[in-house]
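What follows is calculated from the coordinates using simple rules that are stated; it is not laboratory data. Please read all numbers here as calculations on a predicted model, not as lab measurements. With ideal geometry, Cβ positions are generated from the backbone for all residues, glycine too; neighbour counts draw on all protein chains shown.
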Amino acid sequence: MIYIRRIILPILAALLTLLPAACTANSNASSGTSDPEESQESGNASPFSADSAFAFLKRQVDFGPRVPNTAAHRATAEWLEHKLRQYCDTVIVTRFSPLTFDNVRLDARNIFAQINPEASDRTLLLAHWDTRPWADHDDDPALRRTPVEGANDGASGVAVILELARALHASGFKGGVDILFVDAEDWGDEGDDSSWALGAQHFAQHPPLTAYAPKEAILLDMVGGKGATFTREYFSQQSNPALNQRIWQTAAQSGYGDIFTDRVETAVTDDHVPLIQAGIPAVDIIDYRAGEGFAPTWHTTQDNIDNIDIRTLEAVGNVVFKVLTQ
Ligand SMILES: [Zn+2]
C-alpha cells in the first residue's frame with residue numbers, strides 16, 4: 001500500500017462515491033476438518049494465541065515471497081484454503097486475472113470464508129496475502145528489484161486473522177464473521193492509486209455471495225512490526241468512526257494504549273478503499289507512525305521474520321478478538 005499526502009485528501013474524500021454492487025459467484029464451498037497443526041493453545045488467558053499467530057506467519061514466510069505467478073504463491077493459496085476449511089464453515093476461492101500497471105496478467109485468487117453463515121449481523125476481516133515483487137524502498141539500490149519477503153507486509157495480517165478464526169472456532173463463537181484474503185494488493189505503482197488493491201477491487205465489484213452486505217469490515221495490514229504504532233487512518237475515520245472508536249477504546253482498556261495511539265493520521269490507499277466505495281463501512285488497522293510513516297522495513301529486504309515482534313501480533317489479535325466478542 002501507499003500513503004497519500006494530506007494536501008489532496010479533500011479531493012480523495014469526494015471521490016469515495018458509492019458504486020453499485022455487482023453479483024457473481026465462483027463457488028467451491030465445503031466444511032472443514034480438524035488438524036492439530038499450529039492449533040495448540042498457548043496456555044495464556046486469552047483465547048487468541050500470539051504463539052499460534054507467529055507460527056502462521058512463519059509458515060507463510062517459509063513458502064518464500066508470495067509474488068503472483070510464482071510457485072510459492074500457488075502453494076500458499078492451497079495452504080490458506082486448507083487452513084480456512086479447518087476453522088470456518090464455508091470457503092469460496094475466486095480466481096481472476098487482473099492486468100497490472102506494467103501489463104502483466106496475474107493468476108490471482110481471493111480466498112473468502114464464513115463462520116456461522118446463518119448469522120445476519122456480520123463483520124468482515126481481511127488482509128492481503130500477496131507480497132510485493134520489488135523491494136523498491138530498500139536502502140541498497142542493488143536490492144530494489146529483489147522480491148519482498150513480506151513477514152509484516154502481507155503475512156502478519158493473514159496470520160492474525162487465521163489465529164482469530166482458530167480461536168473463535170475453538171471458543172464456540174456464535175456470531176457472524178467473514179474472512180477475506182485478498183490477492184494482488186502490492187503490485188502497484190506509486191503514481192497510480194488504482195494500480196493497488198486489485199484483489200479488493202475485484203471482490204467489491206464481484207462479491208462471492210448475492211447481496212453480500214456485512215455491517216462492517218476490519219482490514220489488518222502490517223500488524224507485526226517491531227515498534228509498531230497504530231494511528232487512526234483517514235479514510236477509515238471518514239467511513240466508520242464508531243468502529244474506529246470501539247477499536248481504539250478497547251485497546252486502551254486492554255493496556256495497549258501505547259501501541260494504539262488515538263489520533264487520526266494520514267490517508268492510505270489500501271484494501272479497505274474499494275470496500276468503502278462499494279458501501280461497506282471499513283477501517284484499516286495499519287502501522288503508521290506519526291512523523292515517521294510506515295515501518296522502516298516497508299518495501300525493503302528487511303521486511304523479514306527478524307523484524308517481527310510477537311507482542312505486536314498479540315496486541316492486535318487480542319483487541320480484534322474483544323471487538324468481535326464483546
Ligand atoms: Zn506493501
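Just the projected area, averaged over all directions, of the convex hull on the alpha carbon atoms of the range 43-197: how many nm²?
10.4
Tell me the Kirkwood radius of the range 143-191: reciprocal of the mean inverse pair distance over distinct alpha-carbon atoms, in Å.
By the Kirkwood definition, the hydrodynamic radius is 13.4 Å.
Out of all DSSP beta bridges with both ends in the range 2-325, state the antiparallel percent to the nearest 5.
55
Run the reach check for Lys215 against aspartates and glutamates, Cα to Cα strictly under 20 Å, same-chain hits fewer than 8 apart removed. What comes back?
Asp89, Glu118, Asp121, Asp178, Glu233, Asp270, Asp271, Asp284
Quick check on the range 179-292: what are the equivalent-ellipsoid semi-axes from the Cα gyration tensor, as sqrt(5λ), descending, whole Å?
24, 17, 12
Using the per-residue mean of other Cβ atoms lying within 10 Å as a proxy for protection, in what order, highest first, do the peptides 116-125, 99-108 fall?
In descending order of packing, they fall as 116-125, 99-108.
Could you list, bin by bin from short to long, the percent of Cα-Cα pairs of the chain in 20 Å steps?
Pairs per bin, as whole percents: 35, 62, 3.
So, by mean Cβ neighbours within 10 angstrom, what's the order for 48-54, 68-74, 200-206 with the highest one leading?
48-54, 200-206, 68-74
Among the lysines, select those whose C-alpha is under 20 Å from the C-alpha of Lys226, and discard any that sit fewer than 8 residues away in the same chain.
Straight-line reach from Lys226, under 20 Å: Lys58.
Taking the Cα centre of the chain as origin and charging only Cβ (+1 Lys, Arg; -1 Asp, Glu), how large is the dipole, in debye to the nearest 20?
720
Can you work out the Karplus-derived ³J(HN,Hα) for every residue in the range 292-298? Use 6.51 cos²θ - 1.76 cosθ + 1.60 with θ = phi - 60°, whole Hz, and x for glycine or proline.
10, x, 5, 3, x, 7, 4
Note the direction-averaged projected area, equal to a quarter of the hull surface, for the Cα convex hull of the range 272-317, in nm².
4.7
What GluC sites (Glu not before Pro) does the range 241-326 have in DSSP loop regions with at most 11 other beta carbons within 10 Å?
Those satisfying the criteria are Glu292.
Hey, can you grab everything whose amide H is under 5 Å from the amide H of Arg66? Only 5+ residues off in sequence or another chain; H modelled, so Pro and N-termini drop out.
It is Thr131, by chain and number.
Using only the Cα atoms of the range 162-242, what do you get for the radius of gyration and for Dmax, in Å?
15.3, 46
Amide H neighbours of Phe260 under 5 Å, at least 5 residues apart or on other chains, H built in the peptide plane: list them.
Here the answer is Phe230, since their amide H atoms fall under 5 Å of that of Phe260.
Taking the Cβ of each residue in Lys174, Lys83, Lys226 as the centre, tally the other Cβ atoms inside 10 Å and list the residues starting with the fewest.
With the sparsest Cβ surroundings first, the list reads Lys174, Lys226, Lys83.
Residue by residue through the range 262-272, which ³J(HN,Hα) values in whole Hz follow from phi under the Karplus form 6.51 cos²θ - 1.76 cosθ + 1.60 (θ = phi - 60°), with glycine and proline marked x?
Going residue by residue, I get 8, 8, 7, 10, 6, 8, 10, 6, 8, 5, 6 Hz, with x marking Gly and Pro.
Given the C-alpha atoms of the range 194-237, compute the convex hull and give its volume per residue in Å³.
123
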